[in-house]
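Here the structure is laid out as structure tokens; the discussion comes afterwards.
The values are calculated or read from the model by the stated rules, or taken from the named source; none is laboratory data. Keep in mind that this is a model prediction, so the values were computed, not measured. Neighbour counts are summed over all protein chains in view; Cβ atoms, including those assigned to glycine, are modelled from backbone coordinates with ideal geometry. Heads up: the accessible areas ignore ligands, DNA and RNA and are worked out on the full protein's heavy atoms, side chains in. Shrake-Rupley method; radii C 1.70, N 1.55, O 1.52, S 1.80 Å.
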Amino acid sequence: GATLRYLPPYSPDLNPIEMAFSKFKALLKKAAARTVPALSEAIAAALTQISASDCQSYLAAAGYGSV
């Protein structure tokens, strides 16, 4: 059967979305966009660089097992 485990109120190490946001923010910082159109392009490009494989790794690293 399934086991219910409660997490602390905020635990970024156990939250896979934090890992994705970290990569996303690093990509935006690297793009160094300084205008709204450039930022829009940087966001679109950064989103394409977060792969399904990355997401699987984030879930595994957060302790959710293989997905």
Next on the checklist: Under 8 Å for C-alpha pairs, at least 6 residues apart: give me the relative contact order for the chain, rounded to a whole percent.
Outcome noted: 39 percent
Checklist outcome for this item: Of the DSSP H helices in the chain, the ones reaching 15 Å or more along their long axis in Cα terms and averaging at least 1.0 in Kyte-Doolittle hydropathy are 36-48
Next on the checklist: Show me, bin by bin at 5 Å from 0, the whole-percent P(r) of the chain based on Cα pairs.
Outcome noted: 3, 16, 20, 18, 15, 12, 8, 5, 2, 1, 0
Next on the checklist: Counting heavy atoms of the protein chains only and a 1.4 Å probe, report the per residue accessible area for the chain as a whole number of Å².
Outcome noted: 80 Å²
Next on the checklist: List the trypsin sites (Lys or Arg not before Pro) within the chain that DSSP assigns to loop and that have no more than 16 neighbouring Cβ atoms inside 10 Å.
Outcome noted: ARG5, ARG34
Checklist outcome for this item: On the accessible surface of the chain, probed at 1.4 Å with all protein chains in place, carbon and sulfur together account for a percent value of 61 percent
Next on the checklist: Take the chain, mark every one of the chymotrypsin sites (Phe, Trp or Tyr not before Pro) that falls in a DSSP loop and has at most 13 other Cβ within 10 Å, then report the longest stretch left between them, sites excluded.
Outcome noted: 11-63
